[in-house]
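Enquirer: Take this structure, written in structure tokens, and hold onto it; I'll ask about it next.
Here, each number is a calculation from the coordinates, and none is a lab measurement. Model, not experiment: these values are computed from the prediction.
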Amino acid sequence: MLALATLLLSAVIALQIPAVQTAVVQRILDRTVKDIDGRIEMEKVDFYPFNTLIVKNIAIIDEHPSVGDTDVPQDTLLRAGTVAARFSLGGLV
């Protein structure tokens with residue numbers, strides 16, 4: 001039981017490190033990107049448990065872009081320097 005508690009505590013502490021957060025999100029995105037037929041690029045993720053998620057330099061790019069009036073492929077669906085989401089777990093309880 002002590003080993004499990006130690007492992008859980010270690011995981012919680014590791015998830016407080018921005019580099020670990022970014023790596024975890026990148027692995028999730030790598031699996032998700034197969035379903036959207038595109039690419040998701042990001043530089044950094046900061047997760048503040050129970051209230052905030054910040055993603056820096058994110059881009060969502062379509063692998064099969066449409067061609068607009070200018071005959072230039074329109075492949076970028078979203079590009080942002082910072083995306084911040086605030087949330088509350090209180091509504092889930």
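Enquirer: Compute the acute angle (0 to 90°) between the alpha-carbon long axis of helix 18-36 and the principal axis of greatest extent of the alpha-carbon atoms of the chain; round to the nearest 10°.
Expert: The two axes meet at around 50 degrees.
Enquirer: Which whole number in µm²/s is D for the chain by Stokes-Einstein, with the Kirkwood Rh taken over Cα pairs at 10 °C and 1.306 mPa s?
Expert: 101
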